[in-house]
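> Below you will find the structure I want to go over with you.
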Amino acid sequence: MNKKETLFTNEENSKRRFSLVLIALYKGVVYKEQDEDLWRDLLGQRGAVLDHFAQLGLSVVIDEGEGYAFATYPEPAGGEEEDALPRLAAKRQLPFIVSLTLAMLRKRMAEFDTAGEGTRLIITRDEIIEIMSPYMPESTNEVKLADKIDTAIGKVKELGFLRAMKNKEETYEVMRILKAYIDAKWLNEFDAKLQAYKAYAAGGKAE
């Protein structure tokens, strides 16, 4: 194989690896622990990746400490929203119970990090139900209430904030990206938000 052919092959390989990084970010979150080769390619081509998504009005959050990266829309500055490019996907308002689930998982993660118990927060379905129950409307039908929480857990999994553990039934890993979705500022206001959740729970009984 001559030098020209070798160079061509290397260039093609580089383009393919760059494309794989872009595809992964379009599909969702890139985690270092799940694919170290892809993560290394992302860091190695960081500038080109950022430039690519910037052309679409997107930014890429790369947290090397936590080991994840994802594409997102930056918060618009005053007056900029009118000039922003059309979104690839519309904003969606999350149902109350899904927002509550995310809030309680984020609180649990903060406690986990403060305790220095490791980097992977593992939680069971029963534990999720336990931490959420005080903020749910009082119910005479515990099975129906648990079903509602199970539906919320399913949605949180779909959003990518929970991952089912293999060979461990009803056990989940809380994904570290939740820290980016619910930041420190939000967490500092958490007590006030909990009062709103408690007011919701006290507002009436579930069926």
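> Are there any pairs, at least 6 apart or on different chains, whose C-beta atoms fall under 8 Å, with the first in region 25-41 and farther than 13 Å from Ile62 by Cβ and the second hydrophobic (A, V, I, L, M, F, W, C) and crowded, with 17+ Cβ neighbours inside 10 Å, and if so, which?
That search, which allows pairs on different chains as well, returns Tyr26/Ala71; Gly28/Phe70; Asp35/Ala24.
> Got a number for residues in region 143-163 being farther than 18 Å from Met104 by Cβ and either assigned to a strand (DSSP E or B) or free of Cβ contacts under 8 Å to residues at least 40 places away in the same chain (or both)?
So the answer is 1.
> Restrict the check to region 93-106 and report whether at least one residue is open to solvent by 50 Å² or more (accessible area, probe 1.4 Å) and either of a type in the set (D, E, K, R) or modelled with pLDDT of 90 or more (or both).
No, that holds for no residue.
> On the basis of being more than 27 Å from Val174 (Cβ to Cβ) and either in a loop (DSSP other than H, G, I, E, B) or modelled with pLDDT of 90 or more (or both), does Leu42 make the cut?
Values: more than 27 Å from Val174 (Cβ to Cβ): no; either in a loop (DSSP other than H, G, I, E, B) or modelled with pLDDT of 90 or more (or both): yes.
Considered against the rule, which asks whether it is more than 27 Å from Val174 (Cβ to Cβ) and either in a loop (DSSP other than H, G, I, E, B) or modelled with pLDDT of 90 or more (or both), Leu42 comes out as no.
> Now a separate question. Of all residues in region 107-128 being part of a helix (DSSP H, G or I), open to solvent by less than 30 Å² (accessible area, probe 1.4 Å) and touching a helix residue (DSSP H, G or I) at 6+ places or on another chain (Cβ under 9 Å), which is farthest from Glu169 (Cα to Cα)?
Per the stated criteria, the residue is Ala110.
> Those residues that are exposed (fewer than 15 other Cβ atoms within 10 Å of the Cβ) and part of a helix (DSSP H, G or I), I need them from region 129-142; list them, please.
Glu130, Pro134, Glu142 - these are the residues of region 129-142 that are exposed (fewer than 15 other Cβ atoms within 10 Å of the Cβ) and part of a helix (DSSP H, G or I).
> Also: Which condition breaks for Gly47 when tested against (1) modelled with pLDDT under 90; (2) open to solvent by less than 80 Å² (accessible area, probe 1.4 Å)?
The failed condition is (1).
The values are calculated or read from the model by the stated rules, or taken from the named source; none is laboratory data. A quick note: this is a predicted structure, and the numbers were derived from the prediction, not measured. For neighbour counting, all protein chains shown are included, and Cβ atoms are generated from backbone atoms with ideal geometry for every residue, glycine included. Heavy atoms of the whole protein, side chains included, go into the accessibility calculation; ligands, DNA and RNA do not. Shrake-Rupley method; radii C 1.70, N 1.55, O 1.52, S 1.80 Å.
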